[in-house]
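J.: Sending over a structure as structure tokens; questions will come in a sec.
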Amino acid sequence: MRELVILRDQTCIFPRCSIDARTCDLDHPTPYKPLEEGGPPGQTHPENLAALCRRHHRAKTAGHWRYHATPEGYHWHGPHNTHYLRTPRGSKRLP
């Protein structure tokens, strides 16, 4: 599963980051909830995993940034109401 995510993402999916996905953490865009706490089975699958370098994984986990997957790529929401779209072709700031 890790290899599939690495091949799909290629790099950290944070806007304008180019850290190789092979060195990245895998993040759950939809937060993982343990089964014993009522979480559904099958939460860890490629559609709910993304490559984030340690720096950007920490920024996301701390709540400074959040994102969700879209058909085009990853839509990021940042501080000061900033929005970015990260696609395989690069990053674009959104209005």
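The values are calculated or read from the model by the stated rules, or taken from the named source; none is laboratory data. All figures in this text were calculated on a predicted structure; none of them were measured in a lab. Please note: Cβ atoms are built from the backbone with ideal geometry, for glycine as well, and neighbour counts cover all protein chains shown.
Residue-by-condition table, conditions (1) at pLDDT below 95; (2) loosely packed, with under 11 Cβ neighbours inside 10 Å; (3) touching a Pro at 6+ places or on another chain (Cβ under 7 Å):
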site	(1), (2), (3)
Met1	no, yes, yes
Leu4	no, no, yes
Phe14	no, no, no
Asp20	no, no, no
Cys24	no, no, no
Asp27	no, no, no
Pro31	yes, yes, no
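J.: Taking the condition assigned to a helix (DSSP H, G or I), in contact with a strand residue (DSSP E or B) (Cβ under 7 Å, 6 or more places away or on another chain) and β-branched (Val, Ile, Thr), does Ile6 pass?
T.: Yes.
J.: Quick one: which of His68, His64, His77 is assigned to a strand (DSSP E or B) and over 10 Å from the mean Cα position of the chain (by Cα)?
T.: On inspection, the qualifying residue turns out to be His77.
J.: Further question: Cβ-Cβ under 7 Å, sequence separation 6+ or interchain: first residue in the range 15-28 and more than 16 Å from Ser91 (Cα to Cα), partner buried (at least 16 other Cβ atoms within 10 Å of the Cβ) and among the basic types (Lys, Arg). Which pairs?
T.: Here the result reads Asp27/Lys60, each pair linking the range 15-28 to a residue that is buried (at least 16 other Cβ atoms within 10 Å of the Cβ) and among the basic types (Lys, Arg).
J.: Here are Trp65, Trp76: which of them is touching a Gly at 6+ places or on another chain (Cβ under 9 Å) and hydrophobic (A, V, I, L, M, F, W, C)?
T.: Only one candidate qualifies: Trp65.
J.: So, in the range 31-49, of the ones that are touching a residue at least 24 places away in the same chain (Cβ under 8 Å) and either in contact with a helix residue (DSSP H, G or I) (Cβ under 7 Å, 6 or more places away or on another chain) or assigned to a helix (DSSP H, G or I) (or both), which residue ends up nearest to Cys12 (Cα to Cα)?
T.: Here the answer is Leu49.
J.: Does the range 16-25 hold any residues that are outside any helix (DSSP H, G or I) and either touching a His at 6+ places or on another chain (Cβ under 9 Å) or of a type in the set (Val, Ile, Thr) (or both), and which are they?
T.: Answer for the range 16-25, where residues must be outside any helix (DSSP H, G or I) and either touching a His at 6+ places or on another chain (Cβ under 9 Å) or of a type in the set (Val, Ile, Thr) (or both): Cys17, Ile19, Cys24, Asp25.
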